[in-house]
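J.: Got a structure here, written out as structure tokens. Questions coming.
The values are calculated or read from the model by the stated rules, or taken from the named source; none is laboratory data. A quick note: this is a predicted structure, and the numbers were derived from the prediction, not measured. When we count neighbours, we look across all protein chains shown, and the Cβ atoms used for this are built from the backbone with ideal geometry, even at glycine.
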Amino acid sequence: MKTGTGTRKRIAELVGAETDTPRRARVADSVIFGVLGAAFATWAVRIPAVSGSLDIDSGAIGLALLGLAVGSILGLVTSSALVSRYGSRRVIRGGLFVYCLGLPVVGLAGEFASLVGLLVVFGFGKGLVDVAANAQGIRVERGYTGQIMGSFHGLFSGGGLVGSGFGGVAVVLGLSVETHFAIVGVALLLVGLAASTRLLPFEPSTGGDTAFALPSRKLAGFCAIGFCALFIEGVGNDWSAVFLDGPAGAGPAVATLGFAAFSLLMMVGRFLSDRLVTRLGARRFLRVTATVAGLGLALTLVAQPVVSLVGFAVLGAGLAGVMPVAVSMAGNHDPDTPAERAVAAVSTTGYGGFVIGPVLIGLLADATSLRTAFLPALGLAVAIVALTTVLPTVTRGSHAGSVGTSGDD
């Protein structure tokens, strides 16, 4: 116990000694996003191994991923209400226990039914942390003159890259799924808890009524873009390893590189997105990146190891800034609307894509082929371009400076 406490204190020292400043909170929240990505990537790259050990097909994988998506949506909705009452920092801490410790438990699934149930719990933990981390990120962003949300999501992708890289090593070393998930889950929990001590504290007077509500007309466009983006993102997150190992004809070790390439380019793209949004404007940025994502999908469908691998990389680059820009625009679209409510609305609607996407892709793959099952994602990339024409005008800076004087524990 002393060792764990010492480790958390040491990591906390590396994050920074001060707590109530945007800069320290930015670093801390970036670490939380990294933990989110690393845990999810750890699961994603071992999907082929899990499906093989349970002897389930693509359709069953899709249904199992439905459990993950449903759990995530429940967590997103619950998180919005909890953040309004207890603050994002406390919700992040509680969510980390469910999410990180849920990972090794998923590895213990001995049959399909238990896998689905455990993925619901794992997804619930992810949803709790997701909304709370984004709400914290928007509050930190208000202490800066420009958009920084892309950098937070960049660390999610960076965590995904680390998680997928270690996953590839685990495959090569012959580590069992159970051992792999246990090592990663415990390590990420310690890192996340240490970082959470440097997040902005809670002050109820700044939260308002942040319980989840149906999206307003102004938020509808952002929510639709979130739905499309996460549906398409599911192709890279959930199906890259399966596609490369199957239709593209790559081996298990090479198949893990699909998620790595997807995450690497998404990470780079997200770090660049803040500057690109400033230069191009948010609407034009979304149009260009959605087009790039469509090109990546087209390359993936060639179903050759190298070309498909490049396709997943291009897909990651195209999708990189779509969700963070949509979340940032939604969170700042109305000074009178609490950021948590907007984040929850966009995130929850977006995760509808995670509910429909995995199931639809799996069922279509069973009925036709996995290549054919990817086609709806192309249509949604076009839809994102069209949706940019109905977004309301967003004026940044209306909340600037609020972070330095008010808190959110």
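J.: Residue under question is Ile225, and the condition is that it be under 20 Å from Val35 (Cβ atoms), out of contact with any Ser or Thr (no Cβ under 7 Å at 6 or more places or on another chain) and either modelled with pLDDT under 90 or not polar (S, T, N, Q) (or both); does it hold?
T.: no
J.: Hey, any hits in segment 72-84 for a residue that's over 20 Å from Gly353 (Cα atoms), of a type in the set (Ser, Thr, Tyr) and surrounded by fewer than 19 Cβ atoms within 10 Å (Cβ to Cβ)?
T.: no
J.: Kindly list, by first and then second residue, each pair from a residue in segment 51-77 that is over 20 Å from Pro247 (Cα atoms) and in contact (Cβ under 8 Å) with a residue 40 or more places away in the chain to a residue that is not in a helix (DSSP H, G or I) and not hydroxyl-bearing (Ser, Thr, Tyr), limited to pairs with Cβ atoms under 7 Å and residues at least 6 apart or on different chains.
T.: From segment 51-77, the pairs are Leu54/Glu111; Val77/Phe212.
J.: Tell me the residue from Ile56, Ile32 that is within 25 Å of Gly353 (Cβ to Cβ), at pLDDT below 90 and either touching a helix residue (DSSP H, G or I) at 6+ places or on another chain (Cβ under 7 Å) or buried (at least 20 other Cβ atoms within 10 Å of the Cβ) (or both), please.
T.: Selected residue: Ile56, the only one of Ile56, Ile32 that is within 25 Å of Gly353 (Cβ to Cβ), at pLDDT below 90 and either touching a helix residue (DSSP H, G or I) at 6+ places or on another chain (Cβ under 7 Å) or buried (at least 20 other Cβ atoms within 10 Å of the Cβ) (or both).
J.: How many of the residues making up segment 169-181 are in a helix (DSSP H, G or I), surrounded by fewer than 16 Cβ atoms within 10 Å (Cβ to Cβ) and of a type outside the set (Asp, Glu)?
T.: Residues meeting the conditions: 4.
J.: Now for a different question. Determine if segment 348-358 includes at least one residue that is closer than 22 Å to Gly150 by Cα and at pLDDT below 75.
T.: yes
J.: β-branched (Val, Ile, Thr) and either outside any helix (DSSP H, G or I) or under 15 Å from Leu65 (Cβ atoms) (or both): which single residue out of Val98, Val120 fits that description?
T.: That would be Val120, the only listed residue that is β-branched (Val, Ile, Thr) and either outside any helix (DSSP H, G or I) or under 15 Å from Leu65 (Cβ atoms) (or both).
Residues checked against (1) under 17 Å from Gly37 (Cβ atoms); (2) buried (at least 24 other Cβ atoms within 10 Å of the Cβ):
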position: Glu141; (1), (2): no, yes
position: Thr145; (1), (2): no, no
position: Gly154; (1), (2): yes, yes
position: Gly159; (1), (2): yes, yes
position: Gly165; (1), (2): yes, no
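J.: Inside segment 285-307, can you point out the residues that are free of Cβ contacts under 8 Å to residues at least 12 places away in the same chain and either within 15 Å of Pro324 (Cβ to Cβ) or in a helix (DSSP H, G or I) (or both)?
T.: Val288, Val306, Val307 - these are the residues of segment 285-307 that are free of Cβ contacts under 8 Å to residues at least 12 places away in the same chain and either within 15 Å of Pro324 (Cβ to Cβ) or in a helix (DSSP H, G or I) (or both).
J.: Restricting to segment 120-139, name every residue that is among the aliphatic types (A, V, I, L, M) and buried (at least 24 other Cβ atoms within 10 Å of the Cβ).
T.: Those that are among the aliphatic types (A, V, I, L, M) and buried (at least 24 other Cβ atoms within 10 Å of the Cβ): Leu128, Val129, Val131, Ala132, Ala133, Ala135, Ile138.
J.: For Val184, state whether it is assigned to a helix (DSSP H, G or I), of a type in the set (Val, Ile, Thr), surrounded by fewer than 24 Cβ atoms within 10 Å (Cβ to Cβ) and modelled with pLDDT of 80 or more.
T.: Taking the combined requirement at face value, the residue does not satisfy it.
J.: Filtering segment 1-26 down to residues that are of a type in the set (Val, Ile, Thr) and out of contact with any Lys or Arg (no Cβ under 7 Å at 6 or more places or on another chain), which residue is modelled with the lowest pLDDT?
T.: Ile11
J.: I would also like to ask the following. Can you tell me which residues in segment 258-288 are of a type in the set (Ser, Thr, Tyr) and in contact with a Pro (Cβ under 9 Å, 6 or more places away or on another chain)?
T.: If the condition is that a residue be of a type in the set (Ser, Thr, Tyr) and in contact with a Pro (Cβ under 9 Å, 6 or more places away or on another chain), then Ser273 is the only one that fits.
J.: Just name the residue that is nearest to the chain's Cα centre (by Cα) out of those in segment 142-161 that are among the aliphatic types (A, V, I, L, M) and in a helix (DSSP H, G or I).
T.: Residue satisfying both the conditions and the ranking: Leu155.
J.: Ok, one more. Out of Ala298, Ala293, I need the residue that is surrounded by 21 or more Cβ atoms within 10 Å (Cβ to Cβ), among the aliphatic types (A, V, I, L, M) and modelled with pLDDT of 85 or more. Which one?
T.: Only one candidate qualifies: Ala293.
J.: Take the residues in segment 347-372 that are among the polar types (S, T, N, Q) and buried (at least 20 other Cβ atoms within 10 Å of the Cβ); name whichever of them is farthest from Phe222 (Cα to Cα).
T.: In this case the residue turns out to be Thr348.
J.: Moving to a separate point now. Pick from Leu272, Leu264, Leu244: which is at negative phi and buried (at least 24 other Cβ atoms within 10 Å of the Cβ)?
T.: Leu244
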